[in-house]
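What follows draws every value from the coordinates through simple rules; no lab data is involved. If you're wondering where the values come from, they're calculated on a predicted model, not measured in any experiment. Glycine gets a Cβ as well: all are built from the backbone with ideal geometry, and neighbour counts include every protein chain shown.
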Amino acid sequence: MLTRDHIPGFEKLNVLLVEDNAFAQRLARQVLVQLGVQNIHIVPDGKAAIEALEDSELRYDLIISDWNMPNVTGLELLQHVRKTWENMPFLMLTGNQTVDFVQAARANKVDAYIIKPFSPMQLRHKICAIFNIKI
């Protein structure tokens, strides 16, 4: 089903959503579905994300990850991803808006980040910006 938010080509994206908060998980998934994304793999923390990345034959086109999670944090996941998949688009979700956060995220080459709580429109804009799609 096409919606006005559907972006052509997004139905082919494979997205890894890494989020331990059920509400944020549902919101991000809902926005991705509205954009047309059909392949969304959801895991609860960075450790499960690393396992999914390494064990899967599926190649992910985008990682959307929370920053503050048990086991392996979003920053640790980002660092791991940059060592192995240097150009993998990575969007960080965080409740932390300190200068230290911004500097750490940029130092590890995050593509974009959103401060929680976020709106569906903010997530949509960030994803489109990552893929250089004008909306």
Q: DSSP loop (so not H, G, I, E, B), at most 10 other Cβ within 10 Å: list which GluC sites (Glu not before Pro) in region 45-101 pass both filters.
A: Glu57, Glu86
Q) Could you give the angle, 0 to 90 degrees to the nearest 10, between helix 120-130's Cα long axis and the longest principal axis of the Cα atoms of the chain? A) 80
Q.
Run the reach check for Lys83 against aspartates and glutamates, Cα to Cα strictly under 18 Å, same-chain hits fewer than 8 apart removed. What comes back?
A. Glu51, Glu54, Asp55, Asp61, Asp111
**Q.** lysines whose Cα lies under 21 Å from that of Lys134, excluding same-chain neighbours fewer than 8 positions away
**A.** Lys12, Lys126
**Q.** Helix 74-84 vs. the chain, principal-axis angle (Cα, 0 to 90°, nearest 10)
**A.** 90
Q | Crossing angle, helix 22-35 versus the chain [Cα axis fit, 0-90 degrees, rounded to tens] | A | 40
Q) Of the labelled options [x] 102; [y] 117; [z] 142, which one gives volume of the Cα convex hull per residue in Å³ as computed for this structure? A) [x]
